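First the structure, in the form of structure tokens, and then the observations on it.
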Amino acid sequence: MSTSFSSLPVVSLSALSSPSPDPGELTALSTRLDEAFSTTGFVYLKDLPLTFSHEDVFALCDEFFGANGLSMEEKMTLAKKTFIKTNKNTYRGYFPTQAGADNVKEGFELGTPSIKTTVLPLTSSKFDLTEPNVFHPSYADFQARCEMLHTELQSLAARLLSLLAISLGKPATFFDHYLFESLSTLRLLHYPPVPAERQQELICTPHTDSGILTLLHQDSTGGLEVQNTEGDWISAPYVPGSIVVNIGDLMAKVSGGRWVATFHRVRSARRESGEAKGRYSVPFFFEPGLKCLVKSVEGDEVVYGVHVLDKMKGWVEFQDVAEEVADIVGDGRMEVEAF
């Protein structure tokens, strides 16, 4: 269970750099990850098996949100149907900063490149979780790099899942069915500077992540904080060459409570002059397939698509999803036991 930690653990993934990793090193790595997720729910991972540097990752953010990036008019052509009713995309694409929202951010989301699902949507609703990605037509190179980053992070998440399976005393392939037609989301986020007159301390309010694993690239601006069992907010600053990985609600339940989904938030950053600073953040949310049956070690189970649509009710960019979940769960077409 979570503890009164005062900092986040740091774990090296150097054992994954070999094409034929040493089994003993993999077992030791599995144990370290298990300890981290059992005590804090969060870990810094370094020595990453990625071709993307942090500079490469945040160059994508700058190309989309920066001064020389897309105009607001261009971004809104990629906006979800929630914001532009004539747009066809309902789940992937752009969302603007919400007026009056506590979470001050705009974002661009993409899923598994060229996903070709063999299953039908859960309903004929307006939220299609398996829809294709949308990109601005003049951003072909940007699209290629985004999709490559998604592919590499999906591969890393898969390797982490195999290590976590071992720590549960299961075969390394225990979570492999999660990978089939995975809905994993790569999200480019921009937190604009908060005007001084708003006097807003938090730009992302306390929450736990809803799914399986989150792999986060954060920039050097800082602001991420994680709550320990004593209620203290522990700073999780940028560590060069690392990503932050945390357990989601669903994975905590899968483990039978062995791993913890820890509350975290983002504090507004300011320069020494008092001027507010903007922030880039790139989380990758590993997600199973639409109709993947996610089972806990205790035997409870839920269909992933039902789980995520229920969680979407609390996300500001999907405020009209509540009735969709009622349709799915209430019409008898999906008889599952929710965790």
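Throughout, read-outs are computed from the coordinates displayed, never taken from laboratory work. Everything numeric here is computed off the predicted structure, so don't read it as measured data. Here Cβ is always computed from backbone atoms with ideal geometry, including for glycine, and neighbour counts include all displayed protein chains.
Projecting the alpha carbon convex hull of region 124-190 along each direction and taking the average yields 6.7 nm². Across all directions, the shadow cast by the convex hull of region 10-287 built on its C-alpha atoms averages 16.1 square nanometres. Of the residues H264, I234, H136, the one whose Cα sits farthest toward the positive end of the charge dipole of region 10-287, with +1 on the Cβ of Lys and Arg and -1 on the Cβ of Asp and Glu, is H136.
Modelled spin-label separation between S53 and D102, with each label point placed 7 Å from Cα along the Cα-to-Cβ direction: 3.8 nm. All Cα-Cα separations within region 52-116 were binned at 10 Å from zero, giving a P(r) of 19, 45, 31, 5, each value a whole percent of the pairs. Sorted fewest first by neighbouring Cβ atoms within 10 angstrom, M312, M148 come out as M148, M312.
Projecting the Cα positions of Y44, T221, N103 onto the charge dipole of region 10-287 (unit charges on Cβ atoms of Lys, Arg, Asp and Glu, taken about the Cα centre) puts N103 furthest along the positive direction. Length gained on full extension, D62 to A144: 28.0 nm, using 0.36 nm per residue less the C-alpha separation.
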